[in-house]
Amino acid sequence: MIRENYEMAKKAYEKWGINVDEVLETLKKVPISIHCWQGDDISGFEVNQRELSGGIDVTGNYPGKATNPEELRKDLDKALSLIPGRHRVNLHAIYAETDGVVVDRNEIEPKHFENWVKWAQERGLGLDFNPTLFSHEKAEVGLTLSHPDEEIRQFWIEHCIASRKIGEYFGEELGSPSLTNIWIPDGYKDIPSDRLTPRKRLKESLDEIFAVEIDEAHNIDAVESKLFGIGSEAFVVGSHEFYLGYALKNNKLCLLDTGHFHPTETVSNKISSMLLFSEKLALHVSRPVRWDSDHVVTLDDELREIALEIVRNDALDRVMIGLDFFDASINRVAAWTIGTRNMIKALLYALLTPNEYMKQLQEDGNYTERLALIEEFKTYPFGAVWDYYCYMMNVPVKEAWLNEIKTYENTILSKRNIAATLLKP
């Protein structure tokens with residue numbers, strides 16, 4: 001039945017010159033960078049683990065949270081088995097494995113991520129990286145690379161340099177360049193009396209970080225902006241304008257997080273402009289509900305529009321797509337599965353749209369037909385193509401993956417919760 005439905009769907013799309021078989025071959029080659037921190041609520045595995053801070057919050061306490069690297073990798077394995085395609089995993093510095101030794105952030109080395117690299121090699125995955133400039137005593141006042149104290153700034157500069165070297169190590173070992181992305185929480189709760197000086201310090205810090213030569217064949221640098229955060233409601237040092245200018249001037253990637261802008265400001269509308277001036281850009285796809293709340297990605301209008309902008313502008317090899325959400329109110333492995341499958345669905349939807357024809361309608365001023373077709377294609381047999389793609393890629397079709405999640409929860413995740421309870425003093 002899956003194949004029969006697919007063949008019927010193919011005929012519908014072929015009327016518009018869309019080769020569905022070729023579309024699926026294209027989709028297979030698009031990697032999504034799946035964020036590890038959904039699996040453990042951004043706790044990380046440092047020996048001297050700190051409370052979450054830096055304007056980041058995770059709500060919920062669903063049973064089964066990963067409590068060590070082995071559990072987290074096992075959960076990622078489960079999620080990846082339910083997601084079609086071959087993808088990447090995005091790590092933060094706090095996921096280092098130091099064998100019980102306290103290693104501060106500015107001292108992390110590639111050897112602390114050897115287990116992650118071995119795991120990725122065995123599965124044919126790429127790894128991306130992020131320095132962790134939050135949840136640390138040297139970030140308590142909400143300032144890091146822009147801090148007035150030179151000693152604190154230097155600590156975080158060293159951390160970012162070390163992180164770039166780890167990204168280079170990932171790229172070299174795995175044969176796929178790692179995206180190392182810098183995001184910082186720096187800002188002020190109330191209206192600042194001086195915006196320029198903190199931004200000047202941030203620029204100087206970044207200059208020092210990037211002055212250390214890293215092989216760009218193995219590591220790609222990116223910088224990520226934010227509008228405001230908890231504790232930085234009035235002013236964020238690393239604004240979109242700051243990082244956009246810095247990235248363009250210094251040949252770095254500008255990373256756009258879909259939750260880091262005004263509620264009515266869409267990332268989809270920025271992609272085409274940025275591609276005119278930058279060879280590549282990076283995304284952290286989230287779902288902001290009342291701004292940067294990092295809900296699990298759903299197949300909503302903005303996600304489809306982001307995918308359309310990437311596909312219709314022939315930019316699948318120019319936009320590095322990563323995810324960034326963390327929901328502890330639902331099964332964490334299910335959250336990965338839902339969000340990543342939806343990102344892939346959005347790309348498939350975009351690939352199954354007669355984009356060139358739509359463009360010509362716009363050029364011709366035929367807005368009536370354009371709008372009519374945009375709406376009609378929303379009910380074309382996209383689901384039948386998606387089902388066949390999942391079938392072809394040997395992952396569960398439709399909601400069948402949920403049964404595997406339920407089994408995994410009953411046999412694995414629920415026992416973690418019991419074990420954690422028994423270990424309490």
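Laid out as a table, the results:
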| item | result |
| --- | --- |
| Filtered residues of segment 135-145 (kept if surrounded by 23 or more Cβ atoms within 10 Å (Cβ to Cβ) and not β-branched (V, I, T)) | A139, G142, L143, L145 |
| Flag if Y13 is under 30 Å from P354 (Cα atoms) and among the aromatic types (F, W, Y) | yes |
| Complete set of residues in segment 364-395 that are under 27 Å from P84 (Cα atoms) and hydrophobic (A, V, I, L, M, F, W, C) | I374, F377, F382, A384, V385, W386, C390, M392, M393, V395 |
| Pair list, Cβ < 7 Å and 6+ apart or interchain, from segment 51-72 residues that are more than 18 Å from F134 (Cα to Cα) to residues that are at pLDDT below 75 | P63/N417; G64/N417; T67/A420 |
| Some residue of segment 14-22 being in contact with a helix residue (DSSP H, G or I) (Cβ under 9 Å, 6 or more places away or on another chain), assigned to a loop (DSSP other than H, G, I, E, B) and free of Cβ contacts under 8 Å to residues at least 12 places away in the same chain | yes |
| Residues of segment 318-333 satisfying the condition of being under 21 Å from E409 (Cβ atoms) and of a type in the set (K, R) | R332 |
| Output for segment 95-132, where each listed residue is surrounded by fewer than 23 Cβ atoms within 10 Å (Cβ to Cβ), among the β-branched types (V, I, T) and within 22 Å of the chain's Cα centre (by Cα) | V117 |
| Condition check for N181: in a strand (DSSP E or B), of a type in the set (S, T, N, Q) and under 21 Å from the mean Cα position of the chain (by Cα) | yes |
| Index of the failed condition, E46 passing every other in (1) of a type in the set (D, E); (2) surrounded by 15 or more Cβ atoms within 10 Å (Cβ to Cβ); (3) modelled with pLDDT of 95 or more | (3) |
| Conditions (1) in contact (Cβ under 8 Å) with a residue 12 or more places away in the chain; (2) surrounded by fewer than 19 Cβ atoms within 10 Å (Cβ to Cβ); (3) in a helix (DSSP H, G or I); number of the one not met by E151 | (1) |
| In segment 67-101, the residues that are hydrophobic (A, V, I, L, M, F, W, C) and either modelled with pLDDT of 95 or more or under 15 Å from H159 (Cβ atoms) (or both) | L72, L76, A79, L80, L82, I83, V89, L91, A93, I94, A96 |
| Only listed residue being at pLDDT 95 or above, among the β-branched types (V, I, T) and either touching a Pro at 6+ places or on another chain (Cβ under 8 Å) or closer than 19 Å to L255 by Cα (or both), chosen from I157, I161 | I161 |
| Positions within segment 308-338 being outside any loop (DSSP other than H, G, I, E, B), closer than 30 Å to G60 by Cα and out of contact with any Ser or Thr (no Cβ under 8 Å at 6 or more places or on another chain), in sequence order | R332, V333, A334, A335, W336, T337 |
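The values are calculated or read from the model by the stated rules, or taken from the named source; none is laboratory data. From a predicted model like this one, the values you see are computed outputs, not experimental measurements. Using ideal geometry, Cβ is built from the backbone for each residue, glycine included, and neighbour counts are taken over all protein chains shown.
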